[in-house]
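Data block below; observations after.
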Amino acid sequence: MTVDWIWSNLPRITELTLNHIGLTVIPTILGLIVALPLGWWAHRSRRSYPAIVGAASLLYTVPSLALFVILPQILGTRILDPINVVVALTVYTISLLVRVVADGLNSVPHETVQAADAMGYRAWQRLVLVELPNAIPVIAAGLRIAVVSNVSILTMAALLGIPQLGTLFTQGFQLRLYVPLVTGILLCVALAIAFDSLIVWLGRLLTPWRQKTVTA
Amino acid sequence: MSLLEWFLDPAHWSGADGIPMQIGVHLFYSAVALALSLLFAVPLGIYIGFTGKGEGIVAGIANALRALPTLGLLVLLFLLLSPVVPGQLVYGIPTVIVLVLLAVPPILTGTYAGIQAADTEAVNAARGMGYSQVQILWFVQLPCALPLLLSGVRSSTLQIVSTATVAAYLGLQGLGRFILDGRAQGDFSQMAAGAILLAALALILELAFIAVGRLIVSPGLQRTTRAPRKIVPTTATAAIRLTAS
């Protein structure tokens with residue numbers, strides 16, 4: 001029975017999983033791209049730090065279901081358009097990462113920055129070649145939280161009918177069936193673990209100078 | 001009907017499914033879930049913070065819970081409980097359990113981290129003044145833990161209020177009703193109105209928490225916007241900057 005259901009629905013499960021991956025990965029990357037300059041700005045100008053970080057975290061208080069519904073009114077999209085979900089999750093990612101990027105840049109030791117200055121790095125070289133790489137561990141830690149939350153928040157879009165793994169939950173509820181439901185939950189958790197491990201791996205890859213034995 | 005007309009229609013402001021009633025029901029579920037979470041998480045957090053036991057396990061569980069999708073968990077609990085629990089409770093209990101599961105980790109982490117972060121010098125000073133262990137906990141460590149504890153309670157409350165919309169999915173009342181009924185009936189004004197009410201409720205609560213935090217946290221602990229680490233340009237760096245520009 002269990003295996004039968006999964007087998008006969010395999011194409012659909014695959015499609016929902018692929019949708020879920022796309023709708024998680026795209027907003028996470030877009031969010032990071034937007035959060036980097038904003039976080040840098042908050043790091044540079046200490047007077048605007050509270051305003052930028054405060055505004056960003058206020059965005060996180062908007063409930064996901066509300067955002068999925070309000071965005072079509074602002075963007076002029078249809079309610080079922082996946083763009084709404086992409087924008088909503090991008091907003092959440094930005095909101096989480098702005099503070100992380102700013103704090104990550106602030107965590108770079110002052111001596112390191114001075115050494116870069118002394119070696120004649122220009123401001124942008126210092127940022128790209130010295131400060132950002134040193135902030136990678138902090139940024140990666142924030143990115144892990146963002147991607148795992150996104151996997152989970154995305155499932156709420158099933159309440160509006162946007163197809164992704166959450167669709168298996170609503171289906172399980174309508175049919176009173178455990179199999180689609182549990183399949184959906186397990187796939188979500190597996191995706192979360194996979195993305196989380198991927199970021200950990202990428203973070204190590206990008207910071208080869210850090211000792212591998214030091215773990216939090 | 002436009003969004004504004006929907007809000008101005010007096011019929012939407014009265015009765016068992018009017019706006020005030022749905023906000024009330026929404027806050028009721030949220031309050032029940034928050035009270036249960038506090039009852040469970042604060043004592044456990046104090047224990048962990050005081051003894052230092054079980055910290056790793058709690059952090060692991062908190063991370064795992066983040067990965068669990070709320071909606072899936074809600075339906076799973078509903079299916080599991082439906083043969084056992086009678087009447088309306090079969091909708092209410094899964095909703096509250098899901099909300100409590102969301103709310104416990106931030107409060108728990110805030111409590112034990114707050115207690116551990118209490119200034120050791122303050123604790124030692126209290127001990128030197130003859131405070132008993134319980135007095136130190138009550139008069140020194142807990143007040144010191146208050147900012148972090150409050151920030152845990154704040155994020156828990158916001159998560160609960162945002163997620164309490166799923167109650168409507170099981171057929172219960174609350175602000176989720178407007179969104180889901182609007183969706184089912186193709187009534188976009190009703191949907192948007194529900195979303196705006198929900199977002200407004202969350203924002204008001206967030207601002208209320210900031211205000212309460214200012215009121216009850218000891219003035220000695222008020223963390224004003226992190227004292228900026230002043231970068232004093234040494235003569236060497238200043239010289240390099242001059243030559244570089």
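Within segment A:40-56, is there a residue that is of a type outside the set (A, V, I, L, M) and under 16 Å from the mean Cα position of the chain (by Cα)?
Checking segment A:40-56: not a single residue is of a type outside the set (A, V, I, L, M) and under 16 Å from the mean Cα position of the chain (by Cα).
Just one of B:90, B:75, B:98 is within 11 Å of chain A (Cβ to nearest Cβ) and either in contact with a helix residue (DSSP H, G or I) (Cβ under 7 Å, 6 or more places away or on another chain) or over 30 Å from residue B:144 (Cβ atoms) (or both); which is it?
B:75
State whether one or more residues within segment B:104-113 are of a type in the set (Phe, Trp, Tyr) and part of a helix (DSSP H, G or I).
Yes - at least one qualifying residue is present in segment B:104-113.
In the set B:141, B:135, which member is assigned to a helix (DSSP H, G or I), more than 15 Å from the chain's Cα centre (by Cα) and in contact (Cβ under 8 Å) with a residue 60 or more places away in the chain?
Result: B:141 is the single residue among B:141, B:135 that is assigned to a helix (DSSP H, G or I), more than 15 Å from the chain's Cα centre (by Cα) and in contact (Cβ under 8 Å) with a residue 60 or more places away in the chain.
Go over the candidates B:104, B:96, B:90 one by one and state the one that is crowded, with 20+ Cβ neighbours inside 10 Å and either more than 20 Å from residue B:147 (Cα to Cα) or touching a Cys at 6+ places or on another chain (Cβ under 6 Å) (or both).
It is B:96.
Can you confirm whether residue B:84 is away from every other protein chain (no Cβ under 14 Å), touching a helix residue (DSSP H, G or I) at 6+ places or on another chain (Cβ under 9 Å), under 26 Å from residue B:179 (Cβ atoms) and not acidic (Asp, Glu)?
no
Given the structure, is residue A:55 assigned to a helix (DSSP H, G or I) and either buried (at least 21 other Cβ atoms within 10 Å of the Cβ) or in contact with a strand residue (DSSP E or B) (Cβ under 8 Å, 6 or more places away or on another chain) (or both)?
No; evaluated as a whole, the condition is false for this residue.
In segment A:128-184, which residues are touching a residue at least 40 places away in the same chain (Cβ under 8 Å), over 30 Å from residue A:104 (Cα atoms), more than 7 Å from chain B (Cβ to nearest Cβ) and not in a loop (DSSP other than H, G, I, E, B)?
Those that are touching a residue at least 40 places away in the same chain (Cβ under 8 Å), over 30 Å from residue A:104 (Cα atoms), more than 7 Å from chain B (Cβ to nearest Cβ) and not in a loop (DSSP other than H, G, I, E, B): A:157, A:167, A:168, A:179, A:180, A:183.
Laboratory data are not the source of any read-out in this text; all were calculated from the coordinates shown. This structure is a prediction, so every number in the text was calculated from the model and none was measured. Glycine also receives a Cβ, built like all others from the backbone with ideal geometry; neighbour counts cover every protein chain displayed.
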